[in-house]
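Following: one structure in structure tokens, then a few remarks.
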Amino acid sequence: MAVSLNNSTGISRVGFDSQFLGSHSASKASVSVSFHSSLTNLSLNSLKKIQKFVSGSSVESLMHLQILLDTASISVETSKKQSYRIAAMSKAERSSCDQVKLDISLSPRVNSAGINAIREGYTRYTPNAGTLELRTAICHKLKEENGISYSHDQIVVSNGAKQSILQAVLAVCSPGDEVIIPAPYWVSYPEMARLADATPIILPTLICDNFLLDPEVLESKITEKSRLLILCSPSNPTGSVYPKKLLEKIAEIVAKHPRLLVLSDEIYEHIIYAPATHTSFASLPGMWERTLTVNGFSKAFAMTGWRLGYIAGPKHFVAACNKIQSQSTSGASSIAQKAGVAALGLGYAGGEAISTMVKAFRERRDFLVKSFGELEGVKISEPQGAFYLFIDFSSYYGIEAEGFGKIENSESLCRYFLDKAQVALVPGDAFGDDSCIRISYAASLTTLQAAFERIKKALISLRPAVPV
């Protein structure tokens, strides 16, 4: 059984459960569903309906949620007079050291939002740009949390933040334009530029600089063809967070070039570890007019399957995005939009539920940073946000592994770990840096501990080809 540490999609549950429980597959797992005593008089048909809403299909589909975590509880309010609790438990082989069980249930109003939207018949088309209710809630969130002001006609809600980014690139880039992308980058950025007949200009960053863009390098690469700079903070795949002072230096450079716009991908903004803080690029002096801010619900709220994201920016740019969307997918799901309103109603920065999730992520990050930092031939930058480590294993390239062959690059090293350690990782070349491998810690601490030991064991027979 291979342990996957490359999943960034989190978990699939009724309501908005947290990604910090992880996502795995288990071949020998059991799932039990227990109902509150107040449901003992429900009809069989009602019970089947409840079962259907668990993970969107069936109880059996819950088995992929986690291998090693004991219990995940989900509370759902079905009406003003009755409620039920579904406890999903998946058990497999685990270490003898039990972890403290954590109640991760969320507010009943959030868990029931999507179900209530269906029951109340909220299943028709919405305005292409999104419901006024959700766009108003997004405006409030951006004002209160990010310090940037928008009206509802400066927001377009899409089927995920990925769609928002693609539409922005298509809306502002013309054939021959250049899109500046710091590397390591999210895998889709360069391809989105190419879809717009623009040229991706990749600016490498260094692990010793925490994979942050050097303003001098940026300034040296800007030309009259430069149309868009894409920034992602916190970053996928590195977990790097841009400090405000660095963003201000970048803003000063951007301000010198009238054609240059900035797309700020802020999907991981709430998954951040103090003392690091998040700064929205549009909040910097002179940057509101030229910044397109993209965010969504997949990461902080673990709503990956709901497919809900949004873009905010000056009206003429956002209106162009809206036109593109109207001729492709049309508006996002009406049900998902109701759920999005409920998620934003959890409170500032997602409230206590998000805070609890971030604490769990931090514990896992700290364990992995310490553990991998003690291995020979490994370079690591401590991530300040998101839930990824981007580790430099390049000192192992060139080694002939017995029974496997030569380890030539990040792809072959990942295959080696899969073959010898049964741990699935993501090669860094997909992110524009072949010296590194991405590890996701959106998994239980027990799973991460087991995976690390497997990786460590697989490296025992290897020695770095060059000193580190």
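In table form, for the structure just shown:
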| read-out | value |
| --- | --- |
| Residues with amide H under 5 Å from that of ILE180, placed H, sequence gap 5 or more | ILE201, ARG227, LEU228, LEU229, ILE230 |
| Distance in nm between pseudo-label sites at SER174 and LYS456 (7 Å out along the Cβ direction from Cα) | 5.8 |
| Long-range tail of P(r) for region 147-199 (Cα pairs > 17 Å, %) | 45 |
| For region 253-292, the spread of Cα positions along each principal axis, largest first, Å | 35, 17, 13 |
| Cα centroid separation, region 301-366 to region 407-462 (Å) | 30 |
| Amide proton proximity set for ILE399, modelled H, under 5 Å, gap of 5+ | ILE407 |
| Gain on full stretching of the segment that runs from GLU216 to HIS257 - 0.36 nm per residue minus C-alpha separation | 13.3 nm |
| Ratio of the Cα radius of gyration of region 108-347 to 2.2 N^0.38 Å, where N counts its residues | 0.99 |
| Rounded to the nearest 20 debye, dipole of region 108-347 from Cβ charges on Lys, Arg, Asp, Glu | 660 |
| Reachable aspartates and glutamates, given that their alpha-carbon falls under 20 Å from the alpha-carbon of LYS359 and they are not under 8 places away in the same chain | ASP17, ASP70, ASP98, ASP103, GLU145, GLU266, GLU269, GLU382 |
| Listed residues ALA183, ALA168, LEU206: farthest to the positive end of the dipole of region 108-347 (Cβ charges) | ALA168 |
| Efficiency of FRET between SER326 and SER188 - r from beta-carbon atoms, R0 25 angstrom, step 0.05 | 0.70 |
| Whole-angstrom Cα spans of region 332-430 along principal axes, big to small | 55, 32, 20 |
| Inter-probe distance in nm under a simple model that places probes 7 Å from Cα toward Cβ, at ASP153 and TYR122 | 2.5 |
| Mean Cβ count within 10 Å, highest first, over the residues of peptides 455-461, 125-131 | 125-131, 455-461 |
| SER355-THR136 FRET efficiency (beta carbon distance; Förster radius 35 Å; 0.05 resolution) | 0.90 |
| Entries of LYS245/LYS315; LYS141/LYS256; LYS245/LYS370; LYS299/LYS420; LYS143/LYS221; LYS299/LYS338 with Cα pairs more than 26 Å apart | LYS245/LYS315; LYS141/LYS256; LYS245/LYS370; LYS299/LYS420; LYS143/LYS221 |
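Taken together, the values in this text are just the output of simple stated rules run on the coordinates, not laboratory data. Predicted model only: the values in this text are computed from it and were never measured. Because the Cβ atoms are built from the backbone with ideal geometry, glycine has one as well, and the counts that use them run over all protein chains shown.
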